[in-house]
Amino acid sequence: MAATSFDMIVIGAGPGGYVAAIRGAQLGLNVAIVEREHMGGICLNWGCIPTKALLRSAEVFHLMHRAKDFGLSADKIGFDLDAVVKRSRNVSKQLNSGVGHLMKKNKVTVFMGEATLPAKGKVSVKTDKGTEELTSKAIILATGARARELPGLEADGDLVWTYKHALQPPRMPKKLLVIGSGAIGIEFASFYNTLGADTTVVEVMDRVLPVEDAEISAFAKKSFVKQGMTIMEKSTVKQLDRANGKATAHIEAGGKTEKHEFDTVISAVGIVGNVEGLGLDALGVEVDRTHVVSDAYCRTKVEGLYAIGDIAGAPWLAHKASHEGVMVAELVAGGKPHPVKPESIAGCTYCHPQVASVGLTEAKAKEAGYKIKVGRFPFIGNGKAIALGEAEGMIKTVFDEKTGELLGAHMVGAEVTELIQGYVVGRQLETTEEDLMNTVFPHPTLSEMMHESVLDAYDRVIHI
(Lines give C-alpha, C1' and ligand atoms only; values in the text may rest on other atoms or scores of the structure.)
Protein backbone atom coordinates (compact mmCIF):
# COMPACT_ATOMS: atom_id res chain seq x y z
CA MET A 1 0.00 0.00 0.00
CA ALA A 2 1.50 3.32 -1.14
CA ALA A 3 1.86 6.16 1.36
CA THR A 4 -1.10 8.52 1.45
CA SER A 5 0.27 11.07 3.90
CA PHE A 6 2.68 13.71 2.58
CA ASP A 7 4.52 16.80 3.84
CA MET A 8 3.25 18.71 0.79
CA ILE A 9 0.73 18.00 -1.95
CA VAL A 10 0.73 20.02 -5.17
CA ILE A 11 -2.36 20.10 -7.40
CA GLY A 12 -1.37 20.83 -11.01
CA ALA A 13 1.93 20.01 -12.73
CA GLY A 14 2.45 23.16 -14.79
CA PRO A 15 5.46 25.49 -14.39
CA GLY A 16 4.19 26.51 -10.94
CA GLY A 17 3.31 23.09 -9.59
CA TYR A 18 6.14 20.92 -10.85
CA VAL A 19 8.76 23.49 -9.80
CA ALA A 20 7.20 23.71 -6.30
CA ALA A 21 7.35 19.90 -6.08
CA ILE A 22 11.03 19.78 -7.07
CA ARG A 23 12.01 22.53 -4.62
CA GLY A 24 10.04 20.83 -1.85
CA ALA A 25 11.83 17.52 -2.56
CA GLN A 26 15.23 19.28 -2.57
CA LEU A 27 14.42 20.60 0.91
CA GLY A 28 13.74 17.08 2.17
CA LEU A 29 9.93 17.14 2.08
CA ASN A 30 7.92 14.09 1.08
CA VAL A 31 5.99 15.50 -1.91
CA ALA A 32 3.05 14.33 -4.04
CA ILE A 33 1.83 16.02 -7.21
CA VAL A 34 -1.56 15.55 -8.87
CA GLU A 35 -2.06 16.22 -12.60
CA ARG A 36 -5.21 15.50 -14.60
CA GLU A 37 -3.82 15.87 -18.11
CA HIS A 38 -0.22 16.69 -19.07
CA MET A 39 2.99 16.99 -17.09
CA GLY A 40 4.26 20.52 -17.75
CA GLY A 41 0.74 21.94 -17.90
CA ILE A 42 -0.50 24.42 -20.49
CA CYS A 43 2.88 26.20 -20.72
CA LEU A 44 4.85 23.23 -22.00
CA ASN A 45 2.05 21.53 -23.93
CA TRP A 46 -0.26 24.26 -25.25
CA GLY A 47 1.28 27.63 -24.41
CA CYS A 48 4.70 29.20 -24.05
CA ILE A 49 6.79 26.45 -25.61
CA PRO A 50 4.85 25.24 -28.69
CA THR A 51 4.00 28.83 -29.70
CA LYS A 52 7.71 29.72 -29.66
CA ALA A 53 8.43 26.72 -31.88
CA LEU A 54 5.79 27.91 -34.38
CA LEU A 55 7.06 31.50 -34.25
CA ARG A 56 10.61 30.31 -34.90
CA SER A 57 9.39 28.62 -38.12
CA ALA A 58 7.67 31.87 -39.13
CA GLU A 59 10.85 33.85 -38.36
CA VAL A 60 12.99 31.56 -40.56
CA PHE A 61 10.35 31.77 -43.31
CA HIS A 62 10.40 35.58 -43.09
CA LEU A 63 14.22 35.59 -43.29
CA MET A 64 14.16 33.27 -46.34
CA HIS A 65 12.12 35.92 -48.14
CA ARG A 66 14.80 38.44 -47.25
CA ALA A 67 17.66 36.25 -48.53
CA LYS A 68 18.57 38.83 -51.20
CA ASP A 69 19.23 41.47 -48.50
CA PHE A 70 22.00 39.22 -47.18
CA GLY A 71 23.55 38.44 -50.56
CA LEU A 72 21.90 35.00 -50.62
CA SER A 73 19.40 33.37 -52.91
CA ALA A 74 16.44 31.20 -52.00
CA ASP A 75 14.01 30.01 -54.66
CA LYS A 76 10.57 28.43 -54.46
CA ILE A 77 10.14 29.42 -50.81
CA GLY A 78 7.19 27.65 -49.28
CA PHE A 79 5.98 25.95 -46.13
CA ASP A 80 4.22 22.77 -45.04
CA LEU A 81 1.89 23.77 -42.18
CA ASP A 82 1.54 20.17 -40.98
CA ALA A 83 5.32 19.82 -40.73
CA VAL A 84 5.61 23.17 -38.90
CA VAL A 85 2.96 22.01 -36.39
CA LYS A 86 4.58 18.57 -36.06
CA ARG A 87 7.91 20.16 -35.12
CA SER A 88 6.16 22.27 -32.50
CA ARG A 89 4.36 19.22 -31.02
CA ASN A 90 7.66 17.28 -30.89
CA VAL A 91 9.33 20.10 -28.96
CA SER A 92 6.48 19.94 -26.41
CA LYS A 93 6.65 16.14 -26.21
CA GLN A 94 10.36 16.24 -25.46
CA LEU A 95 9.85 18.70 -22.58
CA ASN A 96 6.75 16.93 -21.26
CA SER A 97 8.67 13.66 -20.83
CA GLY A 98 11.51 15.70 -19.28
CA VAL A 99 9.19 16.84 -16.47
CA GLY A 100 8.16 13.23 -15.82
CA HIS A 101 11.84 12.33 -15.55
CA LEU A 102 12.46 15.21 -13.10
CA MET A 103 9.63 13.96 -10.85
CA LYS A 104 11.22 10.48 -10.75
CA LYS A 105 14.70 11.90 -10.15
CA ASN A 106 13.45 13.99 -7.22
CA LYS A 107 11.33 11.12 -5.81
CA VAL A 108 8.08 13.06 -6.13
CA THR A 109 5.01 10.78 -6.06
CA VAL A 110 2.85 11.46 -9.13
CA PHE A 111 -0.90 10.86 -9.21
CA MET A 112 -2.51 11.23 -12.64
CA GLY A 113 -6.13 12.16 -12.02
CA GLU A 114 -8.72 14.74 -10.98
CA ALA A 115 -8.26 16.29 -7.52
CA THR A 116 -10.84 17.60 -5.08
CA LEU A 117 -10.40 18.98 -1.56
CA PRO A 118 -13.07 17.23 0.57
CA ALA A 119 -11.81 18.85 3.81
CA LYS A 120 -8.91 20.89 5.19
CA GLY A 121 -5.65 19.00 4.72
CA LYS A 122 -7.26 16.34 2.52
CA VAL A 123 -7.00 15.67 -1.22
CA SER A 124 -9.10 13.10 -3.02
CA VAL A 125 -7.77 11.97 -6.43
CA LYS A 126 -9.93 10.20 -8.98
CA THR A 127 -7.57 8.08 -11.09
CA ASP A 128 -8.09 5.33 -13.68
CA LYS A 129 -7.68 2.78 -10.90
CA GLY A 130 -10.15 4.33 -8.47
CA THR A 131 -9.96 7.04 -5.82
CA GLU A 132 -6.89 7.83 -3.71
CA GLU A 133 -7.37 9.69 -0.42
CA LEU A 134 -4.31 11.78 0.49
CA THR A 135 -3.52 13.99 3.48
CA SER A 136 -1.07 16.83 4.08
CA LYS A 137 -0.68 19.91 6.27
CA ALA A 138 0.44 21.87 3.19
CA ILE A 139 -1.51 21.86 -0.07
CA ILE A 140 -0.59 24.03 -3.07
CA LEU A 141 -3.21 24.90 -5.66
CA ALA A 142 -1.49 25.29 -9.04
CA THR A 143 -4.40 24.45 -11.33
CA GLY A 144 -3.75 27.25 -13.81
CA ALA A 145 -6.23 28.88 -16.14
CA ARG A 146 -7.94 28.43 -19.49
CA ALA A 147 -9.10 30.67 -22.33
CA ARG A 148 -11.96 33.02 -21.53
CA GLU A 149 -14.93 32.48 -23.84
CA LEU A 150 -17.24 35.39 -24.59
CA PRO A 151 -20.94 34.70 -25.30
CA GLY A 152 -21.47 34.38 -29.05
CA LEU A 153 -17.73 34.01 -29.68
CA GLU A 154 -17.42 30.45 -28.34
CA ALA A 155 -14.87 28.31 -30.13
CA ASP A 156 -16.09 25.49 -32.38
CA GLY A 157 -12.68 24.32 -33.64
CA ASP A 158 -13.76 24.99 -37.22
CA LEU A 159 -14.48 28.68 -37.81
CA VAL A 160 -13.64 29.94 -34.32
CA TRP A 161 -10.46 28.80 -32.59
CA THR A 162 -8.93 29.09 -29.14
CA TYR A 163 -5.14 28.90 -28.71
CA LYS A 164 -5.38 25.07 -28.72
CA HIS A 165 -6.96 24.97 -32.19
CA ALA A 166 -4.50 27.63 -33.41
CA LEU A 167 -1.60 25.38 -32.33
CA GLN A 168 -2.99 22.41 -34.29
CA PRO A 169 -4.85 24.17 -37.09
CA PRO A 170 -7.25 22.16 -39.26
CA ARG A 171 -6.21 24.40 -42.18
CA MET A 172 -4.23 27.50 -43.09
CA PRO A 173 -6.45 30.59 -42.57
CA LYS A 174 -6.83 32.86 -45.61
CA LYS A 175 -8.70 35.71 -43.95
CA LEU A 176 -8.08 35.73 -40.22
CA LEU A 177 -9.66 37.75 -37.40
CA VAL A 178 -7.84 37.80 -34.07
CA ILE A 179 -9.91 39.13 -31.17
CA GLY A 180 -7.64 40.52 -28.46
CA SER A 181 -4.13 41.94 -28.81
CA GLY A 182 -2.48 40.78 -25.61
CA ALA A 183 0.54 38.46 -25.87
CA ILE A 184 -1.44 35.39 -27.03
CA GLY A 185 -3.49 37.22 -29.67
CA ILE A 186 -0.60 39.16 -31.13
CA GLU A 187 1.71 36.11 -31.26
CA PHE A 188 -0.84 34.11 -33.28
CA ALA A 189 -1.57 37.16 -35.47
CA SER A 190 2.18 37.46 -36.11
CA PHE A 191 2.57 33.75 -36.94
CA TYR A 192 -0.33 33.45 -39.39
CA ASN A 193 0.28 36.87 -40.95
CA THR A 194 3.91 35.94 -41.69
CA LEU A 195 2.74 32.73 -43.37
CA GLY A 196 0.44 34.76 -45.61
CA ALA A 197 -2.94 35.03 -43.90
CA ASP A 198 -4.75 38.35 -44.42
CA THR A 199 -4.88 39.24 -40.71
CA THR A 200 -7.09 41.67 -38.79
CA VAL A 201 -6.62 42.31 -35.06
CA VAL A 202 -9.48 43.80 -33.01
CA GLU A 203 -8.63 45.33 -29.62
CA VAL A 204 -11.20 46.81 -27.24
CA MET A 205 -8.62 49.05 -25.50
CA ASP A 206 -7.19 52.19 -27.10
CA ARG A 207 -4.03 50.41 -28.31
CA VAL A 208 -2.54 47.03 -29.15
CA LEU A 209 -0.47 45.32 -26.43
CA PRO A 210 -2.34 47.48 -23.91
CA VAL A 211 -0.19 46.58 -20.88
CA GLU A 212 2.98 47.86 -22.57
CA ASP A 213 4.35 51.40 -22.56
CA ALA A 214 2.32 53.55 -24.99
CA GLU A 215 5.38 54.40 -27.10
CA ILE A 216 6.30 50.73 -27.48
CA SER A 217 2.70 49.83 -28.43
CA ALA A 218 2.71 52.56 -31.09
CA PHE A 219 6.05 51.36 -32.50
CA ALA A 220 4.87 47.74 -32.61
CA LYS A 221 1.59 48.73 -34.27
CA LYS A 222 3.49 50.58 -37.02
CA SER A 223 5.53 47.42 -37.68
CA PHE A 224 2.43 45.19 -37.74
CA VAL A 225 0.67 47.51 -40.22
CA LYS A 226 3.80 47.59 -42.40
CA GLN A 227 3.68 43.78 -42.45
CA GLY A 228 0.14 43.96 -43.83
CA MET A 229 -1.96 43.50 -40.69
CA THR A 230 -5.14 45.50 -40.17
CA ILE A 231 -5.22 46.82 -36.61
CA MET A 232 -8.54 48.00 -35.17
CA GLU A 233 -8.28 49.68 -31.76
CA LYS A 234 -11.14 50.80 -29.51
CA SER A 235 -13.20 48.19 -31.36
CA THR A 236 -15.53 45.41 -30.26
CA VAL A 237 -16.87 42.30 -31.98
CA LYS A 238 -20.57 42.63 -31.17
CA GLN A 239 -21.80 39.57 -33.01
CA LEU A 240 -20.49 36.66 -35.05
CA ASP A 241 -22.66 35.02 -37.71
CA ARG A 242 -21.48 31.59 -38.79
CA ALA A 243 -22.71 30.21 -42.10
CA ASN A 244 -21.40 28.42 -45.22
CA GLY A 245 -17.83 28.16 -43.94
CA LYS A 246 -17.63 31.88 -43.20
CA ALA A 247 -17.79 33.97 -40.03
CA THR A 248 -19.28 37.42 -40.41
CA ALA A 249 -18.11 39.71 -37.63
CA HIS A 250 -20.11 42.77 -36.64
CA ILE A 251 -17.32 45.10 -35.51
CA GLU A 252 -18.21 48.29 -33.67
CA ALA A 253 -15.75 51.18 -33.75
CA GLY A 254 -16.41 54.86 -33.06
CA GLY A 255 -20.15 54.33 -32.70
CA LYS A 256 -20.45 52.63 -36.12
CA THR A 257 -20.89 48.91 -36.72
CA GLU A 258 -19.52 47.31 -39.89
CA LYS A 259 -19.69 43.72 -41.13
CA HIS A 260 -16.47 41.92 -42.11
CA GLU A 261 -16.17 38.39 -43.44
CA PHE A 262 -13.47 35.91 -42.31
CA ASP A 263 -12.79 32.21 -42.77
CA THR A 264 -11.13 31.90 -39.35
CA VAL A 265 -11.45 33.68 -36.01
CA ILE A 266 -9.02 33.29 -33.10
CA SER A 267 -10.44 34.37 -29.75
CA ALA A 268 -7.74 35.59 -27.33
CA VAL A 269 -9.72 37.69 -24.87
CA GLY A 270 -7.99 36.72 -21.64
CA ILE A 271 -8.13 33.79 -19.27
CA VAL A 272 -10.18 32.46 -16.37
CA GLY A 273 -8.80 30.52 -13.41
CA ASN A 274 -9.48 26.78 -13.06
CA VAL A 275 -11.31 27.06 -9.73
CA GLU A 276 -14.31 24.80 -10.40
CA GLY A 277 -14.77 21.25 -9.16
CA LEU A 278 -12.12 21.47 -6.44
CA GLY A 279 -14.50 22.01 -3.53
CA LEU A 280 -13.11 25.48 -2.74
CA ASP A 281 -16.48 27.01 -1.76
CA ALA A 282 -17.21 24.38 0.87
CA LEU A 283 -13.71 24.88 2.31
CA GLY A 284 -14.24 28.62 2.63
CA VAL A 285 -11.60 29.65 0.07
CA GLU A 286 -12.18 33.20 -1.17
CA VAL A 287 -12.48 33.41 -4.97
CA ASP A 288 -12.65 36.75 -6.78
CA ARG A 289 -13.52 36.73 -10.51
CA THR A 290 -12.25 33.14 -11.00
CA HIS A 291 -9.01 33.77 -9.08
CA VAL A 292 -8.14 32.52 -5.61
CA VAL A 293 -7.45 35.38 -3.21
CA SER A 294 -4.06 35.02 -1.52
CA ASP A 295 -1.48 37.18 0.27
CA ALA A 296 2.10 38.10 -0.73
CA TYR A 297 3.21 34.61 0.36
CA CYS A 298 0.47 32.90 -1.70
CA ARG A 299 -1.43 31.90 1.48
CA THR A 300 -5.21 31.60 1.13
CA LYS A 301 -7.71 32.26 3.93
CA VAL A 302 -7.61 28.51 4.71
CA GLU A 303 -4.68 27.48 6.90
CA GLY A 304 -2.14 25.27 5.08
CA LEU A 305 -3.65 25.98 1.65
CA TYR A 306 -1.64 28.02 -0.87
CA ALA A 307 -2.43 29.25 -4.41
CA ILE A 308 0.29 29.95 -7.01
CA GLY A 309 0.51 30.91 -10.68
CA ASP A 310 -2.41 31.76 -12.95
CA ILE A 311 -5.09 30.65 -10.48
CA ALA A 312 -3.76 33.29 -8.05
CA GLY A 313 -4.17 36.12 -10.59
CA ALA A 314 -2.04 38.48 -12.68
CA PRO A 315 0.56 38.66 -14.01
CA TRP A 316 -0.28 35.42 -15.84
CA LEU A 317 3.28 34.35 -16.55
CA ALA A 318 4.96 30.96 -16.24
CA HIS A 319 8.06 32.42 -14.61
CA LYS A 320 5.93 34.08 -11.94
CA ALA A 321 4.29 30.73 -11.19
CA SER A 322 7.67 28.95 -10.90
CA HIS A 323 9.04 31.56 -8.52
CA GLU A 324 5.95 31.43 -6.37
CA GLY A 325 6.26 27.63 -6.31
CA VAL A 326 9.82 27.86 -5.01
CA MET A 327 8.82 30.48 -2.43
CA VAL A 328 5.93 28.39 -1.07
CA ALA A 329 8.03 25.20 -0.93
CA GLU A 330 10.63 27.10 1.12
CA LEU A 331 7.92 28.47 3.39
CA VAL A 332 6.47 24.98 3.94
CA ALA A 333 9.95 23.65 4.74
CA GLY A 334 10.36 26.30 7.45
CA GLY A 335 12.41 28.83 5.51
CA LYS A 336 12.02 32.62 5.33
CA PRO A 337 11.78 33.40 1.60
CA HIS A 338 11.16 36.85 0.11
CA PRO A 339 7.74 37.39 -1.48
CA VAL A 340 7.68 37.58 -5.28
CA LYS A 341 7.26 41.22 -6.41
CA PRO A 342 5.00 41.47 -9.48
CA GLU A 343 6.69 44.72 -10.59
CA SER A 344 10.03 42.92 -10.85
CA ILE A 345 8.71 40.30 -13.28
CA ALA A 346 9.46 40.83 -16.95
CA GLY A 347 6.82 40.33 -19.62
CA CYS A 348 7.88 39.01 -23.05
CA THR A 349 5.87 38.84 -26.29
CA TYR A 350 7.38 36.89 -29.18
CA CYS A 351 5.64 38.61 -32.07
CA HIS A 352 7.67 40.16 -34.89
CA PRO A 353 9.18 42.53 -33.71
CA GLN A 354 9.56 41.13 -30.19
CA VAL A 355 8.40 43.16 -27.19
CA ALA A 356 9.74 42.96 -23.62
CA SER A 357 9.35 45.05 -20.49
CA VAL A 358 9.83 45.20 -16.73
CA GLY A 359 8.62 47.64 -14.08
CA LEU A 360 6.64 50.83 -14.58
CA THR A 361 5.67 52.36 -17.91
CA GLU A 362 6.29 56.10 -18.32
CA ALA A 363 2.60 56.83 -17.71
CA LYS A 364 2.41 54.59 -14.61
CA ALA A 365 5.59 56.16 -13.15
CA LYS A 366 4.06 59.64 -13.55
CA GLU A 367 0.75 58.43 -12.08
CA ALA A 368 2.66 57.11 -9.06
CA GLY A 369 3.97 60.62 -8.49
CA TYR A 370 7.57 60.15 -9.58
CA LYS A 371 9.54 62.93 -11.23
CA ILE A 372 11.21 60.96 -14.00
CA LYS A 373 14.04 60.93 -16.49
CA VAL A 374 13.43 58.96 -19.69
CA GLY A 375 16.06 57.62 -22.08
CA ARG A 376 15.58 56.13 -25.55
CA PHE A 377 17.86 54.49 -28.06
CA PRO A 378 16.92 53.27 -31.56
CA PHE A 379 18.18 50.03 -33.12
CA ILE A 380 19.33 52.04 -36.15
CA GLY A 381 22.13 53.50 -34.00
CA ASN A 382 23.54 50.06 -33.13
CA GLY A 383 26.20 48.34 -35.25
CA LYS A 384 25.15 44.79 -34.39
CA ALA A 385 21.48 45.49 -35.21
CA ILE A 386 22.45 46.86 -38.63
CA ALA A 387 24.78 43.89 -39.28
CA LEU A 388 21.93 41.52 -38.38
CA GLY A 389 19.61 43.35 -40.77
CA GLU A 390 17.34 44.19 -37.83
CA ALA A 391 17.55 47.97 -37.65
CA GLU A 392 13.94 48.49 -36.49
CA GLY A 393 13.36 48.84 -32.79
CA MET A 394 13.96 50.88 -29.68
CA ILE A 395 14.87 50.63 -26.02
CA LYS A 396 13.35 52.96 -23.46
CA THR A 397 14.33 53.39 -19.81
CA VAL A 398 12.53 55.24 -17.04
CA PHE A 399 14.41 56.52 -13.96
CA ASP A 400 13.43 58.25 -10.74
CA GLU A 401 15.05 61.67 -11.07
CA LYS A 402 15.60 61.93 -7.31
CA THR A 403 17.28 58.59 -6.54
CA GLY A 404 18.42 57.32 -9.94
CA GLU A 405 16.39 54.12 -9.41
CA LEU A 406 15.53 52.25 -12.60
CA LEU A 407 11.72 52.31 -12.47
CA GLY A 408 11.04 50.55 -15.75
CA ALA A 409 12.51 49.36 -19.05
CA HIS A 410 10.62 48.79 -22.30
CA MET A 411 11.87 47.35 -25.58
CA VAL A 412 10.69 46.48 -29.05
CA GLY A 413 12.87 44.84 -31.71
CA ALA A 414 14.99 41.78 -32.46
CA GLU A 415 15.89 39.54 -29.49
CA VAL A 416 14.63 41.96 -26.84
CA THR A 417 13.09 39.03 -24.93
CA GLU A 418 16.67 37.90 -24.24
CA LEU A 419 17.95 41.42 -23.49
CA ILE A 420 15.36 42.40 -20.87
CA GLN A 421 16.95 40.18 -18.22
CA GLY A 422 19.86 42.63 -17.90
CA TYR A 423 17.49 45.26 -16.55
CA VAL A 424 15.65 42.67 -14.41
CA VAL A 425 18.92 41.75 -12.68
CA GLY A 426 19.69 45.47 -12.32
CA ARG A 427 16.37 46.08 -10.58
CA GLN A 428 16.85 43.05 -8.33
CA LEU A 429 20.23 44.42 -7.24
CA GLU A 430 18.67 47.87 -6.73
CA THR A 431 20.93 49.42 -9.30
CA THR A 432 21.05 53.14 -10.04
CA GLU A 433 21.73 54.98 -13.28
CA GLU A 434 25.34 55.42 -12.15
CA ASP A 435 25.93 51.65 -11.82
CA LEU A 436 24.46 51.08 -15.27
CA MET A 437 26.53 53.89 -16.84
CA ASN A 438 29.71 52.49 -15.30
CA THR A 439 29.01 49.00 -16.59
CA VAL A 440 31.07 48.01 -19.65
CA PHE A 441 28.82 46.43 -22.28
CA PRO A 442 30.53 44.18 -24.87
CA HIS A 443 30.83 45.36 -28.49
CA PRO A 444 29.34 44.66 -30.97
CA THR A 445 26.16 43.49 -29.23
CA LEU A 446 22.54 44.55 -29.12
CA SER A 447 23.02 44.98 -25.34
CA GLU A 448 25.00 48.18 -25.97
CA MET A 449 21.66 49.86 -26.70
CA MET A 450 20.68 49.19 -23.08
CA HIS A 451 23.71 51.24 -22.02
CA GLU A 452 22.96 54.01 -24.51
CA SER A 453 19.32 54.25 -23.41
CA VAL A 454 20.49 54.88 -19.83
CA LEU A 455 23.04 57.44 -21.05
CA ASP A 456 20.30 59.15 -23.05
CA ALA A 457 18.15 59.63 -19.93
CA TYR A 458 21.01 61.69 -18.50
CA ASP A 459 21.94 63.55 -21.73
CA ARG A 460 25.13 61.53 -22.19
CA VAL A 461 24.15 59.36 -25.18
CA ILE A 462 27.02 58.74 -27.61
CA HIS A 463 25.68 57.21 -30.83
CA ILE A 464 22.68 59.39 -31.73
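Roughly what % of Cα-Cα distances in the range 316-443 sit above 20 Å, to the whole percent?
Everything past 20 Å amounts to 52 percent.
Calculate the length of the line joining the C-alpha centroid of the range 196-214 to that of the range 404-435, in whole Å.
25
List the trypsin sites (Lys or Arg not before Pro) within the range 158-249 that fall in a DSSP loop (any state other than H, G, I, E or B) and whose Cβ has at most 15 other Cβ atoms within 10 Å. The partial results should precede the final answer.
Working: sites: Lys164, Arg171, Lys174, Lys175, Arg207, Lys221, Lys222, Lys226, Lys234, Lys238, Arg242, Lys246; in loops: Arg171, Lys174, Arg207, Lys234.
Hits after loop and neighbour filter: Arg171, Lys174, Lys234.
At 1.4 Å probe size, with the rest of the protein present, what percent of the exposed accessible area of the range 246-306 is carbon and sulfur atoms?
The nonpolar share, carbon plus sulfur, comes to 47 percent.
Taking only C-alpha pairs under 8 Å that are 6+ residues apart, what is the relative contact order of the range 144-290 in percent? Before the final figure, lay out the partial values.
Values: 272 pairs, mean separation 46.4, N = 147.
Over the range 144-290, the number comes to 32 percent.
For a quick check: with amide H placed at 1.01 Å from N, whose amide H comes under 5 Å from Ile372's, ignoring anything fewer than 5 positions away on the same chain?
For Ile372, the qualifying residues are Glu401.
Sorted by accessible area (1.4 Å probe), largest first, how do Asp213, Asp456 line up?
In descending accessible area the options line up as Asp456, Asp213.
Which percent, nearest 5, of DSSP beta bridges in the chain are antiparallel? Walk me through the numbers on the way to the answer.
Details: 52 of 82 bridges.
Within the chain, antiparallel bridges account for around 65 percent of the total.
Scan the range 32-77 for GluC sites (Glu not before Pro) in coil per DSSP, keeping those whose Cβ has at most 16 other Cβ atoms within 10 Å, and list them by number.
Counting only loop positions with at most 16 other Cβ atoms within 10 Å, the GluC sites (Glu not before Pro) in the range 32-77 are Glu37.
Exactly which chymotrypsin sites (Phe, Trp or Tyr not before Pro) in the range 204-272 are in a DSSP loop and have at most 11 other Cβ atoms within 10 Å?
none
For Ile345, what residues show an amide H to amide H distance below 5 Å, using hydrogens built from the backbone and excluding near sequence neighbours?
Amide H neighbours of Ile345: Gly359.
Please list the radius of gyration and Dmax for the range 72-143, considering alpha-carbon atoms only, with Å as the unit.
Rg and Dmax of the range 72-143, Cα atoms, are 20.7, 66 Å.
Provide, in order from the shortest bin, the percent of all Cα-Cα pairs of the chain in each 20 Å bin, continuing until the bin that contains the maximum pair distance.
For the chain, the pair-distance distribution reads 23, 52, 25, 1.
For the chain, with every protein chain kept in place, what is the accessible area per residue (1.4 Å probe, Å²)?
Heavy-atom accessible area per residue stands at 48 Å².
Taking the Cα centre of the chain as origin and charging only Cβ (+1 Lys, Arg; -1 Asp, Glu), how large is the dipole, in debye to the nearest 20?
Details: 51 positive and 56 negative charges, 182 e Å.
It comes to approximately 880 debye.
Could you give me the ³J(HN,Hα) list for the range 322-332, computed from phi with Karplus coefficients 6.51, -1.76, 1.60 and θ = phi - 60°, whole Hz, x at Gly and Pro?
4, 5, 5, x, 4, 4, 5, 4, 5, 5, 4
Check Val265: other-chain or 5+ apart residues with amide H under 5 Å from its amide H, H built from backbone geometry?
HN-HN under 5 Å from Val265: Val160, Trp161, Leu177.
Taking θ = phi - 60°, what integer Hz values does the Karplus form 6.51 cos²θ - 1.76 cosθ + 1.60 yield along the range 136-147, in sequence order, with x for Gly and Pro?
Per residue, the Karplus-derived 3J(HN,Hα) values read 6, 7, 10, 10, 10, 8, 9, 8, x, 8, 9, 5 Hz.
With θ set to phi - 60° and the Karplus curve 6.51 cos²θ - 1.76 cosθ + 1.60, what are the ³J(HN,Hα) couplings of the range 176-181 in order, to the nearest whole Hz, using x for Gly and Pro?
So the J values, rounded to whole Hz, are 10, 10, 10, 9, x, 10.
Using unit Cβ charges (K, R positive; D, E negative) and no other charged atoms, how large, in debye to the nearest 20, is the dipole of the range 316-401 about its Cα centre?
160
Which one, Leu177, Gly157, Ala142, is farthest towards the positive end of the dipole of the range 141-184 when Lys and Arg carry +1 and Asp and Glu -1 on their Cβ?
Comparing the listed Cα positions along the dipole, Leu177 ranks first.
The values are calculated or read from the model by the stated rules, or taken from the named source; none is laboratory data. As the structure is a computational prediction, the values presented were derived from the model and not from experiment. Glycine gets a Cβ as well: all are built from the backbone with ideal geometry, and neighbour counts include every protein chain shown. With ligands, DNA and RNA removed, areas are computed over all heavy atoms of the protein, side chains included. Shrake-Rupley method; radii C 1.70, N 1.55, O 1.52, S 1.80 Å.
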